[in-house]
Amino acid sequence: MTEPRLALSRADFPPAFLFGAATSAYQIEGHGTGGAGVCEWDTFAATPGNVARAEDGRVACDHYHRFAGDLDLCAGAGFDAYRFSTSWARVMPEGRGAVNAAGLDFYDRLVDAACERGLKPFLTLYHWELPAALADLGGWRNRDIAGWFGDFATVVGRRIGDRVHAAAPINEPWCIAWLSHFIGQHAPGLRDIRATARAMHHVGLAHGTAIAALRGLGMGNLGAVINLEYPLPADDSPAAAAAAARYDAIYNRFFLSGMLAGRYPDAVLAGLGPHLPERWQDDFATIAAPLDWVGLNYYTCKRIAAADGPWPNCAERPGPLPKTDIGWEIYPDGLFDFLTRIWREHTGDLPLYVTENGIATAGIDDRARIAYLDAHLDAARRAIAAGVPLRGYFVWSLLDNYEWSLGYDKRFGIVEVDFDSQTRRPKASWRALRAALAG
Ligand code: IFM
């Protein structure tokens, strides 16, 4: 059988365009080893009903011990960059105060190993493993988290900031705030509008505080990584159009607008305004600290209908397009539209990156992934042709890994992981990428 190939290749992109693979700490490292402190996801997973099969990140891909081989696979596919995150609870087991030297040493070795293989390290400081000791103090609901996070940023930046190519404080603010405090699907599993409003604001405040801390260390190339979901009205009614616009404001515009323009959209203030902390407007001087780039994580669209009940009066409906193993519709045009819209409305000349894009699909002969990557790379290529200063694209993910509340059976990797034996096997998509990125 002939090997499936991507239609696009490196030659279809500008010469300096970076191709990378992305991962995150808790999803691959094995949180039970190396002196990491208990984090919110450990206790969330240990609570019945929160995570499929109650699976957690204690072992995951055992990347903590196998990172060298994993980076060989990343470099072997021809990638230019590796996007990874540092675990707050591994570096500071209590979230504040004492540093776990073994944890910092691990990230030091990891960054060196990436550089040795010619991979530019893209650091994300926080990808969701909040130390449980900070969750005890209210976690993202507590304004003090901005200062605690700034201290964590300083500890990490001091140690590896000299070698990372780019850094962003926080991965996917929407997931940390809305998905985790309003929908309750991620740790800490709350469903409360006041908690949500505070988390939405404090995530931005922590982001800006960390940017200031990293700049204070002399680091440059600092950005933000925002996740986006393309809202399509579920029907032709004006009510559905209005609901989709509200969804867009909450999901896609709140953080971009806060971090880049120093204001929140009125459509979100209509619901969250009464629950925001006092004098929240004063914090924009910190939240909207100048950035060097913006990263967009994109996967899917959502069909949004109007709903009864309290704000935001939005309900999701099933859509007709082909779906991934998670049930997400495949909608590459959403990536093109977002890139062009965000460039025009929010970021202007700032370099953009697609910092995550990928598909959950089973099996090692993952032609569905190759088709998905092709279609989204084509959307990226079209956006560049339209003038968008897109500088790179990262596949999510290098390895099959812990997909949060869905556990281990949703497969996002271009490399298969057997979680019993910890064997790695490159999939057809890994080989297709290697062929496309060669030369
Ligand atoms: O696995 C996640 C990742 O942690 C954040 N972005 C989306 C991915 C797929 O759901």
Legend entry - Members of the stretch 12-50 found to be surrounded by fewer than 19 Cβ atoms within 10 Å (Cβ to Cβ), closer than 27 Å to ILE414 by Cα and touching a helix residue (DSSP H, G or I) at 6+ places or on another chain (Cβ under 9 Å), listed by number: ASP12, PRO14, PHE17, GLY32, THR33, GLY34
Inset, instruction - Restricting attention to the stretch 179-228, report how many residues are touching a residue at least 12 places away in the same chain (Cβ under 8 Å) and charged (D, E, K, R). - result: 3
Legend entry - Matching helices (runs of 4 or more DSSP H) fully within the stretch 74-155 where at least 2 residues are touching an Asp or Glu at 6+ places or on another chain (Cβ under 8 Å) and surrounded by 16 or more Cβ atoms within 10 Å (Cβ to Cβ): 88-91, 132-135
Legend entry - Only one of ALA383, ALA432 that is closer than 15 Å to LEU73 by Cα, more than 16 Å from the ligand (Cβ to nearest atom), part of a helix (DSSP H, G or I) and open to solvent by less than 20 Å² (accessible area, probe 1.4 Å): ALA432
Legend entry - Checking HIS376 against (1) surrounded by fewer than 23 Cβ atoms within 10 Å (Cβ to Cβ); (2) under 18 Å from ARG5 (Cα atoms); (3) within 16 Å of the ligand (Cβ to nearest atom), the condition it does not meet: (1)
Legend entry - Pair list, Cβ under 7 Å, 6 or more apart: the stretch 349-375 residue acidic (Asp, Glu), other residue more than 15 Å from the ligand (Cβ to nearest atom): ASP349/PRO389; ASP365/ALA428; ASP366/LYS427; ASP366/ALA428; ASP366/SER429; ASP374/LEU6; ASP374/ALA7; ASP374/LEU8
Inset, instruction - Report yes if some residue within the stretch 392-407 is modelled with pLDDT of 95 or more, surrounded by 24 or more Cβ atoms within 10 Å (Cβ to Cβ), more than 16 Å from the ligand (Cβ to nearest atom) and more than 12 Å from ALA428 (Cα to Cα); otherwise report no. - result: yes
Legend entry - Failed item in (1) open to solvent by less than 20 Å² (accessible area, probe 1.4 Å); (2) among the hydroxyl-bearing types (Ser, Thr, Tyr); (3) within 16 Å of the ligand (Cβ to nearest atom), with THR347 passing the rest: (3)
Inset, instruction - Name every residue in the stretch 174-188 that is of a type outside the set (Ser, Thr, Tyr), open to solvent by less than 30 Å² (accessible area, probe 1.4 Å) and away from the ligand (no atom under 12 Å from the Cβ), in order of residue number. - result: ALA177, TRP178, HIS181, GLY184, ALA187
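The values are calculated or read from the model by the stated rules, or taken from the named source; none is laboratory data. Just so it is clear, the model here is predicted, and its values are computed rather than measured. Backbone-built Cβ (ideal geometry, glycine too); neighbour counts: all protein chains shown. Areas reflect the complete protein model, heavy atoms only, side chains present, ligands, DNA and RNA absent. Shrake-Rupley method; radii C 1.70, N 1.55, O 1.52, S 1.80 Å.
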